[in-house]
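Novice: I have a structure I would like to understand better, so I am pasting it below and will then ask my questions one at a time.
Nothing in this text is a laboratory measurement; each read-out follows from the coordinates by a stated rule. What you see is a predicted model; the values in this text were computed from it and never measured. Note that each Cβ is placed from the backbone with ideal geometry, even for glycine, and that neighbours are counted across all protein chains shown.
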Amino acid sequence: VNCQSFEISSQADQPGVEALLDKAFGLSRRTKTSYRLREGNQPVRNLTRVLRDSENGIAATISYWPITIGAARTKALLLGPLAVHPACKGRGIGLQLMRETLDAAREEQHRLVLLVGDEPYYARVGFKLLPTGRLSLPGPFDPSRFLYLELARDALQGVSGLVIPPHRAAL
Ligand SMILES: CC(C)(COP(=O)(O)OP(=O)(O)OC[C@H]1O[C@@H](n2cnc3c(N)ncnc32)[C@H](O)[C@@H]1OP(=O)(O)O)[C@@H](O)C(=O)NCCC(=O)NCCS
């Protein structure tokens, strides 16, 4: 695996990406609340990367989705899903994918990133637990897995409410 060549994913990668995600998260992954924020939404193209591998097809994938928070309609990103092929785990690929894309997001003036995932893992790139009750999602979620990262100073300050996909906020 050439860990240096993360590429922006193309339409042709989609079947391989879906297969990897089914393997990583199981076939019921679409019932998760995070997916309510992806339905009818489009990932941010420049931040949606894959690692292609001749043996395993898609060796890793990450994507980010635009979201809108609360009555103030604060713009943010939802990170996920992130998955690394079982054959490629433990080589730093997941962390490197996140570092590169979070740097790119910062350069593109994105200010705030949310995700639902394992705090001990995502803490390595700076994610922190959200204060309980401040933000909510359109479905059930485990508050001990609801995390944020400020790309701009104090980006979470004053932000509260329900997280929804942007097209719902426009209604
Ligand atoms: C979680 C996942 C993305 C990690 O990718 P990876 O490329 O293997 O991880 P990295 O090599 O970048 O990081 C490895 C380090 O993170 C640690 N780590 C991995 N998963 C972890 C977790 N869930 N919680 C805490 N630490 C974790 C490893 O122990 C390792 O630590 P070390 O460097 O001290 O040895 C990958 O295992 C995966 O796809 N899992 C299934 C899907 C999933 O759980 N996705 C994200 C969670 S919402």
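Novice: Where does helix 93-107 land angle-wise versus the long Cα axis of the chain, in degrees 0 to 90, nearest 10?
Specialist: 50
Novice: OK, next. What whole number of Å gives the distance from the Cα centroid of the range 131-161 to the Cα centroid of the range 42-120?
Specialist: After rounding, the separation between the Cα centres reads 17 Å.
Novice: Still on this structure, please answer the following. Please return the longest range in the chain lying between exposed loop sites, taking trypsin sites (Lys or Arg not before Pro), DSSP loop only, at most 15 other beta-carbon atoms within 10 Å, and leaving the sites out.
Specialist: Numbers: sites that count: Arg73, Lys89, Arg91, Arg134, Arg153.
In short, 1-72.
Novice: Also, quick follow-up: Can you list the lysines whose alpha carbon is less than 23 Å from that of Lys23, not counting same-chain residues fewer than 8 positions off?
Specialist: Correct list for Lys23: Lys32, Lys89.
Novice: Right, here's the next one. Would any residue of the range 63-77 have its amide N under 17 Å from a label point 7 Å out along Cα→Cβ of Glu108? List them or say none.
Specialist: 63-68, 75-77
Novice: If R₀ is 35 angstrom, what is the calculated FRET efficiency for the pair Thr31 and Arg153, using the beta carbon separation as r and rounding to 0.05? Spell out each step's value before the answer.
Specialist: Values: r = 36 Å, r/R0 = 1.04.
So, using R0 = 35 Å, E works out to roughly 0.45.
Novice: If you keep only loop residues by DSSP, which GluC sites (Glu not before Pro) in the range 1-100 have at most 13 other Cβ atoms within 10 Å of their Cβ? List each step's numbers first, then the result.
Specialist: Numbers: sites: Glu7, Glu18, Glu39, Glu55, Glu100; in loops: Glu39, Glu55.
Listed in order of number, the matching sites are Glu39, Glu55.
Novice: Multiply the residue gap between Tyr121 and Ser160 by 0.36 nm, knock off their C-alpha separation, and tell me the result in nm, one decimal place.
Specialist: Details: separation 39, 0.36 × 39 = 14.04 nm, distance 2.47 nm.
That pair, Tyr121 and Ser160, stretches by 11.6 nm at full extension.
Novice: To continue, here is another question. Could you work out Rg/(2.2 N^0.38 Å) for the chain, with Rg from alpha carbons only? Could the numbers behind the result be given before it?
Specialist: Details: Rg = 15.5 Å, N = 171, 2.2 N^0.38 = 15.5 Å.
My calculation over the Cα atoms of the chain gives 1.00.
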